[in-house]
1. Would you please name the trypsin sites (Lys or Arg not before Pro) within the range 1-97 that are DSSP coil residues with at most 16 other C-beta atoms within 10 Å of their C-beta?
2. Taking N as the number of residues in the range 226-274, what value does Rg over Cα atoms divided by 2.2 N^0.38 Å take?
3. Can you grab the distance from the C-alpha centre of the range 248-290 to the C-alpha centre of the range 65-124, Å, no decimals?
4. Rounded to the nearest 0.05, what FRET efficiency do ASN183 and LEU131 have when you use their Cβ-Cβ distance and R0 = 30 Å?
5. Can you work out ³J(HN,Hα) from phi for every residue in the range 237-247, in order, using Karplus 6.51 cos²θ - 1.76 cosθ + 1.60 and θ = phi - 60°, giving whole Hz and x for Gly and Pro?
6. Put +1 on the Cβ of each Lys and Arg and -1 on the Cβ of each Asp and Glu in the range 226-274; which of SER243, GLY255, VAL272 then has its Cα farthest toward the positive end of the dipole?
7. Ranking PHE143, PHE245 by Cβ neighbours within 10 Å, fewest first, what do you get?
8. Net charge within 12 Å of GLU279 by Cβ-Cβ distance, Lys/Arg positive one each and Asp/Glu negative one each, not counting GLU279 itself?
Amino acid sequence: MELRIQGLTKVYKGGVRALDDVSLTIPCGLYGLLGPNGAGKSTLMRTIATLQDPDSGSIRLGDLDVLRRKEEVRKTLGYLPQDFGVYPRVNAEDMLSHIALLKGIVKRKERKEAVHALLHRVNLWDHRRKLLTGFSGGMRQRFGIAQALIGSPELLIVDEPTAGLDPGERNRFYNLLAEIGENVIVILSTHIVQDVMELCSNMAIIHQGRVLFAGAPDRALEGIAGRIWQKSIQRDDVKEYTSRFPVISTKLSAGRPQIHVFADSSPEAGFVPVAPDLEDVFFASIAGLH
């Protein structure tokens, strides 16, 4: 099973080109869709989830035409948007049971078994009778995954799932996604590079509606090997260096800016070569350097 996207284009009113001839082949497993805010990720996710139509292009899930057979697609789809609504005064077990009923699990015993299995899977069993309004950010995201998994989907879409989570909750969420991704297609849409680095064996970088890179993270790193140079500078010198060199990122290290420059050779004295990471790939791609 794979998801094949071909020539997808979407232009909103006012001429904003949210998707510009996007083509991707997404296999089973965890697939990272990486891009800054406003890159077109959410538009692509909503289109795959049959929530909006593109102006042109096609999407196929296996042999299923996603754009023409939406009801069939929705039976095999789990979707966790960045912001999802719940009834805050309902507990987790009752809410999941209600969603399962809406998804067509009408037999009470079957529905109860499915809900209990999901609560255990996302580690919310001990909180099943707690009102959703009292859930932490991480618990709420795990509940979101539980509702997206109702019906055993073949395709799971998660949009910015770890934004706002503390490190412990992020790790628990990573583990859960990795487990799910063993058997289904999981598209992880995010602007957080670490999410993709730690989870995904395949990825794409999207910016201004266009795919800048698609493939394995290791291949992306190979493409800029030997071309990332690092230097620690004074805070007042950042603007000067940015004007003189192709600076792709600036971080603080021990209170001083540490810049990464994309170049085939050392820009000047004081720069040292460093092994690139996925963040370097991300920023170099967005800057049009890679």
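Read-outs throughout are calculated quantities, based only on the coordinates presented, and are distinct from any laboratory measurement. Remember, predicted model here, so these are calculated numbers, not experimental data. Positions of Cβ are backbone-derived with ideal geometry, glycine not excepted, and every protein chain shown enters the neighbour counts.
1. On the way: sites: ARG4, LYS10, LYS13, ARG17, LYS41, ARG46, ARG60, ARG68, ARG69, LYS70, ARG74, LYS75, ARG89; in loops: LYS13, ARG68, ARG69, ARG89.
Of the trypsin sites (Lys or Arg not before Pro), the ones in loops of the range 1-97 whose Cβ has at most 16 other Cβ atoms within 10 Å are LYS13, ARG68, ARG69, ARG89.
2. Working: Rg = 9.8 Å, N = 49, 2.2 N^0.38 = 9.7 Å.
My calculation over the Cα atoms of the range 226-274 gives 1.01.
3. Between the Cα centres of the range 248-290 and the range 65-124 lies a distance of 44 Å.
4. 0.40
5. 9, 4, 4, 4, 5, 5, 6, 9, 10, x, 6
6. GLY255
7. Numbers: PHE143 23, PHE245 18.
Going from sparsest to densest Cβ surroundings: PHE245, PHE143.
8. Details: positive: LYS251; negative: ASP195, ASP277, ASP280.
Taking every Cβ under 12 Å from that of GLU279, the sum is -2.
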